[in-house]
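Heads up: the structure comes next, in structure tokens.
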Amino acid sequence: MTFLTTAIDYPNGSPHIGHAYEKVLTDVLARYHRLKGEEVYFLTGVDQHGQKMVQTAEKEGVNVATLAQKNTKKFLKLLQALDISNDGWAETTHDLHKSCVAQILTDLHQKGQLYKKQYKGFYSIRQEQFLTDQERDQDGNFGPEWGEVEEREEENWYFKLSDHTAWLREIIETDKFGITPAFRKAEVLNAIARAESTDLCISRPKERLSWGIELPFDKDFTTYVWFDALINYISFAGYQGSVGVPPASDQAGQTNNPEHPTIPDFTQLWPARFHVIGKDIMVPAHAIYWPCMLHAIGFSDDQMPNLPVHGWWNVRGEKMSKSLGNIIDPITMVDTVGQDAVRYYLSRDIATGKDSDFDPERLYLLFNTEMANGLGNLLNRSLNMTKGSLGSELPAYEFDDAECQLVRDEHAKLLAAYSERMEQQDLRGTLEALVTFITAVNTFAERTQPWQLKKDEAKRDQLVAVLHHMCEACAQASILLTPFLPAAAAKMQAQLNLDSSNLKLPDLQWGLLKPGHTTNKPKPVFPRLEKPD
RNA sequence: CGCGGGGUGGAGCAGCCAGGUAGCUCGUCAGGCUCAUAACCUGAAGGUCCUCAGUUCAAAUCUGAGCCCCGUAACCA
């Protein structure tokens, strides 16, 4: 089974376009793997514990559990708005997760991977962590990024991270723990060098923080939020038999995928094919803590996940932030331009791994030119001519020529490029290949001029061939578009009268529309977006 | 400071890891078509791939030096 996850979001605020991006990116990958015929389990969720949740709740004057619940709903709403096809849903306050974390802590404690230590040092209240000399700047001071720093003496529990760093370096260098793009891998290796000698403090005294998971062997402490959150990737995947009914991933109290009402068998899921994450949580959490935790728990080298690290959407070259007031609300965006346009833009206008600028102008432009004018118009003109010239029926035909052959060649090229690009998580390149194909088919129409062929009864066989190639091309394109725009692809298929339910990528070949196939009434699938103002 | 990203025709970006006719979307100019969502197609103009040096038969791509821009508090993918 192919197991894909997103990072779990921190619900101390509303989701923004970056959250939406990670969901769409992972959803496209999940749907792609399903299209390949793989059984997929796609997990996403929320990380509800931690000091910052408590702080936000205090600021808003509400109970922290209430806050978590309220904001979690917003993230669930986002999944619906974007038609995210997650199979599982992780909430770290769920009992199933808490007991799994407790079991792991107990286990690590017994293995001697955890120890208690008195530590006196400088503590950043903002970052909730002790600072070491490595955090000092060249003048020996702690920079403003740490906020208020105070000297504090405290007893805490530590995880022997340093036991695993040499091993970690090895599996990253040998790509057993895959990190992409390549420049991120270099960054992680660099970060290991800096963090090699320090262990990870995994507890917070309960009097300071009680919102979290209690250490099972020392009731005076709460588990550090990352040590808790990262475990969601296995707790909600059935690790240590944590089977049972997971939390509901929609507001009707159902999991999104009725095929997976309970958590599947862990041995079939692990290792995760991908943990899709953002660049900000790569170091240290996902690229250092997490593999070391897995190693300490006892996972072998070939049971390590892969880490595709995506970039950020900026706004006018600036980082998106609440203080700049340039946050883009994905749900408003979907309400304005529709789910298809948002999914298309988020897939189309960013190179996976890099940053990009979120530019509404480009969203309109790309969607209108490539989907409305390109694919949508192609489908519309194909169906219209089939209806007007052939009474919506595509009978058998004999005709073939170089132009027809060219369309089939372009289709073969598309199939090759599609898989190649998708295997590299290059959504943008994949869509570019699709657009190239669409253009080729539009060119085919210009050259063969079916509207002229129609006038000559002697050329009817050629007309049938041309229209079949056009409709067939649309059918093919609709299948390949499914991971990106599932709703639009389904509409296309309805108009083409194509049942795609059992179609898988490996056996996708030219000839989906058999002789005698009838098409349905055309109606624009991608209405052009009218720019506001 | 250190760490990281970037500098590619008018705009925005791929390509660089695994050197070998510089690619994509838009824009501009000229033309064609009329089946279609005022959509589609063709042709053209436009580039010292930041600079310098090096390696090489060959460098946007590798190496070294330099210049410039951005990120590296919080909110947060």
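The values are calculated or read from the model by the stated rules, or taken from the named source; none is laboratory data. From a predicted model like this one, the values you see are computed outputs, not experimental measurements. Ideal geometry is used to build each Cβ from the backbone, glycine not excepted, and the neighbour counts take in all protein chains shown. Ligands, DNA and RNA are excluded from the accessible area calculation, which covers all protein heavy atoms including side chains. Shrake-Rupley method; radii C 1.70, N 1.55, O 1.52, S 1.80 Å.
Quick one: in chain A, what % of C-alpha pairs are over 32 Å apart?
Counting pairs separated by more than 32 Å, the tail of P(r) holds 49 percent.
Going by amide H atoms built from the backbone, whose H comes under 5 Å of the H on residue A:354, apart from near neighbours?
Close amide H contacts, sequence-distant or interchain: A:311.
Could you check the spin-label model distance between residue A:332 and residue A:365? Points 7 Å from the Cα along Cα→Cβ, value in nm.
My value for the distance between the label points is 2.3 nm.
Rounded to the nearest 10 degrees, what's the angle between the helix A:402-423 long axis and the longest principal axis of chain A, both from Cα atoms, 0 to 90?
The angle comes out at about 10 degrees.
Quick one: helix A:377-390 against the long Cα principal axis of chain A, what's the angle to the nearest 10°, folded into 0 to 90?
30
Under a no-solvent Debye model with one identical scatterer per Cα of segment A:129-240, what's log10 I(q)/I(0) at q = 0.10, 0.11, 0.18, 0.23 Å⁻¹?
Log10 of I(q)/I(0), two decimals: -0.42, -0.51, -1.20, -1.31.
Quick one: which residues, 5+ away or cross-chain, put their amide H under 5 Å from the amide H of residue A:178? H built at 1.01 Å from N.
Long-range HN contacts for residue A:178: A:307.
Do any trypsin sites (Lys or Arg not before Pro) in segment A:452-510 lie in a loop, going by DSSP, with at most 14 other beta-carbon atoms within 10 Å of their beta carbon, and if so which?
A:455, A:504
How fast does segment A:436-480 diffuse by Stokes-Einstein, in µm²/s, taking the Kirkwood radius from C-alpha pairs at 10 °C and 1.306 mPa s?
146
Between residue A:126 and residue A:531, how many nm apart are label points set 7 Å from Cα along the C-beta direction?
Simple spin-label model gives 3.9 nm for this pair.
Quote the relative contact order of chain A in percent (integer), defining contacts as alpha-carbon pairs under 8 Å separated by 6+ residues.
That works out to 17 percent.
Whole number in Å², please: accessible area per residue of chain A, 1.4 Å probe, ligands, DNA and RNA not counted.
That works out to 42 Å² for each residue.
Using only Cα atoms, find the angle between the long axis of helix A:486-496 and the longest principal axis of chain A, and express it within 0 to 90 degrees, rounded to the nearest 10.
That works out to roughly 20 degrees.
Kindly write out, for segment A:150-161 in residue order, the coupling ³J(HN,Hα) from the Karplus curve 6.51 cos²θ - 1.76 cosθ + 1.60 (θ = phi - 60°), rounded to whole Hz, with x marking Gly and Pro.
10, 7, 8, 10, 8, 9, 8, 9, 10, 9, 6, 4
As an exercise, identify the GluC sites (Glu not before Pro) in segment A:122-197 lying in DSSP coil whose Cβ has no more than 12 other Cβ atoms within 10 Å.
The qualifying sites are A:148.
Report the Cα-based extents of segment A:440-518 along its three principal axes, largest first, to the nearest Å.
Principal extents (largest minus smallest coordinate, Cα): 40, 24, 22 Å.
Go ahead and run the numbers for FRET between residue A:80 and residue A:189, Cβ-Cβ distance against an R0 of 56 Å, rounding to 0.05. Show your work: numbers first, answer last.
Details: r = 40 Å, r/R0 = 0.71.
So, using R0 = 56 Å, E works out to roughly 0.90.
Pairs A:77/A:523; A:52/A:98; A:36/A:387; A:116/A:206: which exceed 26 Å Cα-Cα? Spell out each step's value before the answer.
On the way: A:77/A:523 29 Å; A:52/A:98 19 Å; A:36/A:387 33 Å; A:116/A:206 15 Å.
Listed pairs above 26 Å: A:77/A:523; A:36/A:387.
Which of the listed residues, A:476, A:502, A:492, is farthest toward the dipole's positive end in segment A:448-533, when Lys, Arg count +1 and Asp, Glu count -1 at the beta-carbon?
A:492
Of all beta bridges DSSP finds with both residues in chain A, what is the antiparallel percent, to the nearest 5? Kindly include the intermediate steps, with their values, before the conclusion.
Working: 24 of 42 bridges.
The answer is about 55 percent antiparallel.
Rounded to a whole number of µm²/s, how large is the Stokes-Einstein D of segment A:324-412 at 10 °C and 1.306 mPa s, given Rh as the Kirkwood radius over C-alpha pairs?
The diffusion coefficient I find is 96 µm²/s.
Considering only A:373, A:229, A:143, whose Cα is most displaced toward the positive end of the charge dipole of chain A, charges sitting on Cβ of Lys, Arg (+1) and Asp, Glu (-1)?
Selected residue: A:373.
For chain A, which whole percent of the accessible surface, found with a 1.4 angstrom probe, sits on carbon and sulfur atoms?
48
Select from A:382, A:96, A:328 the residue farthest towards the positive end of the dipole of chain A; place +1 on Cβ of Lys and Arg, -1 on Cβ of Asp and Glu, and compute about the Cα centre.
Ranked along the dipole, the leading option is A:382.
Taking the Cα centroid of segment A:434-505 and of segment A:279-338, what is the distance between the two, rounded to the nearest whole Å?
Using only Cα atoms to place each centre, the spacing works out to 38 Å.
Using unit Cβ charges (K, R positive; D, E negative) and no other charged atoms, how large, in debye to the nearest 20, is the dipole of segment A:304-387 about its Cα centre?
Details: 9 positive and 10 negative charges, 45 e Å.
Here segment A:304-387 has a charge dipole of around 220 debye.
Can you tell me the dipole magnitude for chain A around its Cα centre, using point charges on the Cβ only (Lys, Arg +1; Asp, Glu -1), in Debye to the nearest 20?
Magnitude of the dipole: close to 1120 debye.
At 0.36 nm per residue, and after removing the present C-alpha to C-alpha distance, how many nm does the segment from residue A:302 to residue A:357 gain when stretched out fully?
Values: separation 55, 0.36 × 55 = 19.80 nm, distance 3.70 nm.
Contour length minus the Cα-Cα distance gives 16.1 nm.
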